[in-house]
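Beneath this line is the structure, given in structure tokens, with notes to follow.
Bear in mind that the values in this text are calculations on the coordinates, not laboratory data. Nothing here was measured: the structure is a model prediction, and the numbers come from that model. Cβ coordinates were reconstructed from backbone atoms using ideal geometry, including for glycine residues, and neighbour counts include every protein chain displayed.
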Amino acid sequence: MKEPIITMQNVSFAYQNKLILDGIDFELPKGKFMGLVGPNGGGKTTLIKLILGLLKPDEGNVTLFGESLETFRKRDKIGFVSQKANSFNTGFPATVFEVVSTGLTAKLGYFKFLSKKDKQTILRAIELVDMSDFSSENIGNLSGGQQQRVFIARALVSDPELLILDEPTVGVDQENVKRFYELLHKLNKEQQITILLVTHDTGIMTDYATDVVCLNKTLHFHGNPEEYCSLSDKDLSLFYGHPVSTIAHHS
């Protein structure tokens, strides 16, 4: 088994005495494409915040790249893409190149001039998401799907080993959603980037993910897509706390 990028051991977390996560145990091995599914309020975003170091667990341990969360400092190893509508003001007068360049701020600091190497790094990230023809375009002129590609490029510019995406297709039309997932599949297979994708689109697991985790306060399921899709509607409804069924996608 490949070394784990993320390890959680008996992790619990509560907001104002309300238990959100209870006894979470799981690993995300290097090179995997994991889909994290579950109902609203099930703890998915809280789990991401714990991984990103924005929250600390009340109980248990979180390990990133073999290092304790408390001592882990190599944040450039992790790229993060949130829901577009909540992460960026698309009316801001900035080009694709300029938006992607902000992904280097953690390394370069603010108000630093970009070197030739930095500019090449930015252009390479834009190329990885097939947006080279738009590098000088204002971000506000792009479609929702194109904007999300730019935000992925911004996350990739620091050359991360782990890419975390929190429901990134909200507000993106269905045609571009498929292209978006194909891009993630390409990054996972060709660039060997480990991916953790939070999504409500359970059908996406059948085509792209290598692993599926179903979270609703506790981990109800952790396995491969085939096992997840073979679950009965009764089991899924029990996991989610309301009626639900899996819809398979086909490429």
Got the relative contact order for the chain handy, in percent, Cα pairs under 8 Å and 6 or more residues apart?
-> 26
Which of the peptides 65-76, 135-146 is most tightly packed, and how do the rest follow, judged by the mean count of other Cβ atoms within 10 Å per residue?
-> 135-146, 65-76
State which entries of K30/K119; K32/K77; K32/K189; K49/K74; K30/K178; K32/K186 exceed 18 angstrom in Cα-Cα distance in the structure shown.
-> K30/K119; K30/K178
Whole-angstrom Cα spans of the chain along principal axes, big to small | 53, 42, 37
Is region 1-87 rounded, prolate or oblate when judged by the Cα gyration tensor, a ≥ b ≥ c being the square roots of its eigenvalues, rounded requiring a/c under 1.5 and prolate requiring a/b larger than b/c?
-> rounded
Acute angle (nearest 10 degrees) that the helix 144-156 long axis makes with the longest principal axis of the chain, alpha-carbon atoms | 90
A student applying the Cα gyration tensor rule (rounded when a/c is under 1.5; otherwise prolate if a/b is larger than b/c, oblate if not) would label region 107-197 oblate
